[in-house]
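> Before I ask anything, let me first share the structure, which is written out below as structure tokens.
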Amino acid sequence: MRKSISSMYFSTTAALLIVSTAVLCAIQMYLVMGYFKQDKKESLSEVASIVTTQIHLRQQTENSMDIDPALAQKIQESLALVSETSSTIILFTDENGVVQLCSEGTSSSNVGRQVPANILADLTADGSFFETGTLGGIYPSACYTVGGIVDDGGLPLGYVFASTSAGSLNIFVGDMFSSFVLAAGLMLLASSVLAIFFTTRLTTPLRRISEAARKFGGGDFSVRVPVDGDDEVAQLAVTFNNMARNLETIDSSRASFMGNIAHELRTPMTSIKGFIDGMLDGTIPDDMRQHYLGLVSQEVGRLTRLIQNMLDISKLEAGEYRVNAQSYDVWESLTGVVFSAEQRVEDQGVEIQGLAPQKTMVYADPDLVYQVVYNLFDNALKFTPKGGYIRFAVQKAGGFVTVSVENSGQGISAEALPFVFERFYKEDKSRGLNTKGSGLGLHICKVLIGLSGGKIWAESEEGRLCRFSFTLPCDAPAAEKRKNHK
């Protein structure tokens, strides 16, 4: 049977409280018994001292060391008085340990009994005596007993024993234990209520997170966990919400990506099918076939570029693209791209500015940089009007080289500028036949520049120009240098 966190937490807390209470009870009982025993010893020692002093005074008053009947009567009265006020039994023995007087009276069964010699020897040797027992069988049950010596110039004339029943300890301990059990029970009850309250408060967020996780499993990525406080559970809820937000974004991006792919593939394929069907059924006359075959070729090229871009993105996001960085002149990539598109530049009547190669070394993958420059230059050609310009600029500062590709034209609106590097993003949302590009080139540029250790950004003055810039490191990182040195 599965146990919940609440029940396990409560069971653990209850077990700790019970064990702690039991240990505390044992320690308290041990200390109480020790204190009670010491207290009895001190009180009985005081009684024995008083009785010993009384006997000495009586003997001095009578000027006799012998216990005659008259003196015995007076001592008996003193024993009875002290015994009554201290709730003790007092015995007076001769030097041989035979009980001569008892505080219970001359008719007491203790009179005439003899204290064992070993007890007398211990008392004589130590000058004091204390035990919990029957005083050698004199008492029928265990008693606390303290002994004292009645002497004359160091010679023992007799012994005094003061005793009280040890059963009072049981009564005292029983009362203490009952009080302790009552207090412990109330404490455990209060602790249980508090434990249930705090356990519920602690596990409620966990239950919410568990419920949200179950909904995630069902495909609902919009659910969020309420966050209360700033403790570890609250931080877990925040982390969970961030994960949920990212999952929702990824799911939305995936759905959008699939929709965009379907749309981008369907548009040229629809156009190609329409053109070919028109030529087959005679709708398109023979003298126009060459023109429409050229349009079909353009759409096929568009499909090829789209598929290649998607393959590049898949390879980049899967981490399969290997960067073969090396030191080389970045102008090699810039001039190579421009010269490869020379015919397009002439056909569109675009002026190329800033193409003044001056050796500028960067540490990057030449093929990677070439693809980035090609994508930016291709975009610039698409959106530069006839008679416009495309300007290149290369600057070196702070260990990085900044490359800029600027073109005249309408530029990019301020609302669209933050999104130009997203996959399939286009300002023209129609995605019609005349829409230029697939919306993947700039996203690929961003990923490739990131792999090169640089950054890329866009600037625009709407109605005048658009400028894309990216940075590349001048030198290899320290770790790469050490690796190559080895």
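> If you take the residues of the range 407-453 that are in contact with a helix residue (DSSP H, G or I) (Cβ under 7 Å, 6 or more places away or on another chain), over 19 Å from residue 271 (Cβ atoms) and of a type in the set (Ser, Thr, Tyr), which of them is modelled with the lowest pLDDT?
Within the range 407-453, the match that is modelled with the lowest pLDDT is 425.
> Tell me which residues, restricted to the range 13-47, are open to solvent by 50 Å² or more (accessible area, probe 1.4 Å) and of a type in the set (Val, Ile, Thr).
Hits for the range 13-47 are 18, 19, 23, 27.
> Test residue 200 against the stated conditions and say whether it is loosely packed, with under 14 Cβ neighbours inside 10 Å, in contact (Cβ under 8 Å) with a residue 24 or more places away in the chain and over 24 Å from residue 22 (Cα atoms).
Values: loosely packed, with under 14 Cβ neighbours inside 10 Å: yes; in contact (Cβ under 8 Å) with a residue 24 or more places away in the chain: yes; over 24 Å from residue 22 (Cα atoms): yes.
Considered against the rule, which asks whether it is loosely packed, with under 14 Cβ neighbours inside 10 Å, in contact (Cβ under 8 Å) with a residue 24 or more places away in the chain and over 24 Å from residue 22 (Cα atoms), residue 200 comes out as yes.
> Now, a different point. Can you name every residue in the range 373-398 that is at pLDDT 90 or above and within 19 Å of residue 451 (Cβ to Cβ)?
Those that are at pLDDT 90 or above and within 19 Å of residue 451 (Cβ to Cβ): 373, 376.
> How many of the residues in the range 99-137 are closer than 16 Å to residue 75 by Cβ, open to solvent by 40 Å² or more (accessible area, probe 1.4 Å) and not in a loop (DSSP other than H, G, I, E, B)?
Looking only at that region, the number is 1.
> A further question follows. Report every pair of residues separated by at least 6 positions or lying on different chains whose Cβ atoms are under 8 Å apart, first residue within the range 333-346 and without any contact (Cβ under 8 Å) to a residue 60 or more places away in the chain and within 23 Å of residue 363 (Cα to Cα), second open to solvent by 10 Å² or more (accessible area, probe 1.4 Å) and assigned to a helix (DSSP H, G or I).
Cβ pairs passing all conditions: 333/366; 333/370; 336/370; 337/370; 337/374; 338/345.
The values are calculated or read from the model by the stated rules, or taken from the named source; none is laboratory data. What you see is a predicted model; the values in this text were computed from it and never measured. Backbone-built Cβ (ideal geometry, glycine too); neighbour counts: all protein chains shown. Accessible surface is based on the protein model in full, side chains and every heavy atom, while ligands, DNA and RNA are left aside. Shrake-Rupley method; radii C 1.70, N 1.55, O 1.52, S 1.80 Å.
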